[in-house]
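Worksheet for the structure shown next.
Bear in mind that the values in this text are calculations on the coordinates, not laboratory data. Given the structure is predicted, the values throughout are model-derived calculations rather than measurements. Cβ sites come from the backbone with ideal geometry, for glycine too, and all protein chains shown count toward neighbours.
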Amino acid sequence: MKWDAQQYQKHSFVWQLGEGVVEMLAPQAGELIVDLGCGSGQLTARIAESGARVIGIDRSTEMIAQARANFPAIDFRVADATDFRVDEPADAVFSNAVLHWVRDAGAAISCVASALKPGGRFALEMGGRGNTRTLLEGVREVLGRVPEVWFYPSIAEYSALLEQGGLEVRFATLFDRPTVIEGENGMDDWLKMFGGALGLSDRERGEIVRRLRGRMFRDGNWVIDYRRLRVVAVRRADG
Ligand code: BEZ
């Protein structure tokens, strides 16, 4: 999917709500940290404020161009989450709101494990089991099916994949985080920005918005039923 990086930056809730994931990462001065799926770089810069060296990776050339323009001092690289390498083992890999786009989770976890030092940590947040359920009901009603675009695993599913990949889960939680998208056009904007991969026509998008209004539009804003999976896992010394 091709991203419009300037439009993406209008959806600042993505990195504002990701601040808690940076706290969970607890970056330290002098560490080498990879931000996997860094988008336009706002959380990469936030991590760099700790004094850590950060490499931001994203598969979208448009996002990396925007990230470089936003934060010229940071090292940003174009690479896929399922096929990236770093020259030096990292202390940590961080990822916010990206891994639900990666259907080959095993390949991504294998790259993460290879990028980490033994004992290095992987701190992530992604959509978890049940994420955007109401929104997907609307998609199903209009398209008659939900295209397989996103992967929203349970704690057990993702933990099993991490363990198979040589990582040990130290912390995992799945929680509801209703997410407010401001204004009358909020759902239409969200679907245009993030729903591109669903392949909706303008008519289908309009129909989904119309159907979801009674379920998701509250006091002038749209509330999307996000459910977040947060995990901290550590690369096993023997794995
Ligand atoms: C999410 O952050 O949960 C999400 C974002 C875009 C598309 C699907 C899910």
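Residues whose amide H lies under 5 Å from that of PHE76, counting only those 5 or more places away or on a different chain, are GLY56; hydrogens are built 1.01 Å from N in the peptide plane. Placing +1 on the Cβ of every Lys and Arg and -1 on the Cβ of every Asp and Glu, with no other charges, gives the chain a dipole of roughly 440 debye about its Cα centre. Residues whose amide H lies under 5 Å from that of LEU116, counting only those 5 or more places away or on a different chain, are ALA90; hydrogens are built 1.01 Å from N in the peptide plane.
Going through region 14-107, which GluC sites (Glu not before Pro) have at most 16 other Cβ atoms within 10 Å and a DSSP loop state?
Working: sites: GLU19, GLU23, GLU31, GLU49, GLU62; in loops: GLU31, GLU49.
Sparse-neighbourhood loop GluC sites (Glu not before Pro): GLU49.
Restricting to DSSP loop positions (anything but H, G, I, E, B) with no more than 16 other Cβ atoms inside 10 Å of their own Cβ, which trypsin sites (Lys or Arg not before Pro) remain in region 72-140? Before the final figure, lay out the partial values.
Details: sites: ARG77, ARG85, ARG103, ARG121, ARG129, ARG133, ARG140; in loops: ARG85, ARG103, ARG129.
Sites meeting the loop and neighbour criteria: ARG85, ARG103, ARG129.
Set Lys and Arg Cβ to +1 and Asp and Glu Cβ to -1, take the dipole of the chain about its Cα centre, and tell me which of TRP3, VAL139, LEU116 lies farthest positive. After comparing all options, I get VAL139.
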